[in-house]
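The values are calculated or read from the model by the stated rules, or taken from the named source; none is laboratory data. Model, not experiment: these values are computed from the prediction. When we count neighbours, we look across all protein chains shown, and the Cβ atoms used for this are built from the backbone with ideal geometry, even at glycine. Each accessible area value is taken on the protein alone, full model and side chains, heavy atoms only, with ligands, DNA and RNA left out. Shrake-Rupley method; radii C 1.70, N 1.55, O 1.52, S 1.80 Å.
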Amino acid sequence: MDKFRMIFQFFQSNQESFMNGICGIMALASTQMYSAFDFNCPCLPHYNMAYGLGILLLPPFILFLLGFVLNNNISMLAEEWRRPQGQRGKDPAVLRYMFCSMAQRAMIAPAVWVSVTLLDGKCITCAFCTSVPVENLGNVSHPLLSQGEIQRVLARIPCKDIYNGQELIANEVAVRYLRCISQALGWCFVLLMTTLAFLVRSLRPCFSQAAFLKSRYWSHYIDIERKLFDETCAEHARSFAKVCIQQFFEGMSTDLVAAHCHLPRKAPEDAGEASKKLLGITDRGTMNMALKSWHRCKPPLNLHSPALPSGNGWVGEGQPPVHPSVPRRETASYYSLV
């Protein structure tokens with residue numbers, strides 16, 4: 001239990017760890033979904049390919065969209081992309097980094113699904129069973145059949161219980177032939193994904209490491225700024241509600257005293273602490289104006305106030321220049337009474 005708690009704490013440590021954990025869980029879920037999925041090929045000439053390729057490609061597309069939906073950064077990316085220019089410019093490199101980061105994580109579960117499906121071979125067997133080369137693998141001496149009848153016979157290859165074309169081509173031969181092709185495609189896909197991941201991870205620092213670090217830093221900054229803004233708004237809302245409730249009960253107390261009701265003695269409370277957290281925003285209209293102002297014109301990312309230059313450079317923010325202490329000169333005066 002402690003190990004699971006440590007893993008959970010690691011996933012909650014930052015946004016990237018959390019999303020990596022979500023993508024890993026989705027990858028495991030995709031394999032479990034495929035193992036629990038009951039694959040039933042229709043064994044009809046005009047439906048086999050649609051069914052097989054649909055099972056191969058449609059679930060990865062759904063998992064890809066689900067990876068974007070579960071990613072918290074998608075709303076942050078859309079907000080940063082659509083917000084007005086305001087006092088802070090929008091960096092396209094940061095937006096590209098955020099989108100590529102989300103896309104890479106969202107591709108993990110679909111890649112696992114495609115790999116498992118190709119290595120299993122059922123989808124390819126169902127989709128391309130009518131394309132088996134009968135002239136190379138089948139019985140050439142079999143009585144001639146029309147093209148439509150041959151297609152109907154070959155379409156039943158995935159359905160072993162209803163297949164009736166053993167004289168044309170053995171079911172085991174056709175299934176093994178298609179499964180070998182599917183597994184070869186699966187291993188090629190795994191090798192391709194692994195090679196691409198290796199190239200991206202190893203060659204990217206060689207070309208644009210400085211730009212990558214800047215984009216990554218400001219992406220993290222936008223995430224942290226949004227969280228802190230939400231926390232500050234929640235704290236302000238709590239303080240605002242506390243002051244409103246206190247004023248309500250104070251008004252009720254005044255009315256009850258005026259009606260000659262005996263009230264229990266109230267313990268003293270520090271009501272000024274909640275009022276200090278309101279920061280002067282004490283009505284709904286002002287708060288709405290502050291929220292709109294935050295969205296329309298975010299403050300610029302420049303925290304330095306004008307400072308005075310000193311001999312050793314620039315002085316710290318808001319601090320007067322520090323001069324080296326000079327030893328004080330003392331003089332003595334002598335007076336004569338003569």
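For this structure, a couple of remarks:
- Ranking Ser253, His236, Gln209 by Cα position along the charge dipole of the range 208-253, where only Lys, Arg, Asp and Glu carry charges on their C-beta atoms, puts Gln209 farthest toward the positive end.
- Cα centroid separation, the range 134-182 to the range 42-59 (Å): 18 Å
- Between Met287 and Asp91, the FRET efficiency from the beta-carbon distance, with R0 = 30 Å, is close to 0.55.
- Here each label is just a point 7 Å from Cα along the line to Cβ, and for Phe198 and Tyr217 those points are 3.2 nm apart.
- Residue-span extension gain [Asn72 to Ile181] - 0.36 nm each, minus C-alpha spacing: 35.3 nm
- Using the Cβ-Cβ distance between Lys227 and Ser275 with R0 set to 25 Å, the FRET efficiency from 1/(1 + (r/R0)^6) comes to roughly 0.50.
- Percent accessible area from carbon and sulfur atoms, the range 189-255, protein chains only, probe 1.4 Å: 70 percent
- Solvent-accessible surface of the range 19-207, taken per residue with a 1.4 Å probe and all protein chains present: 58 Å².
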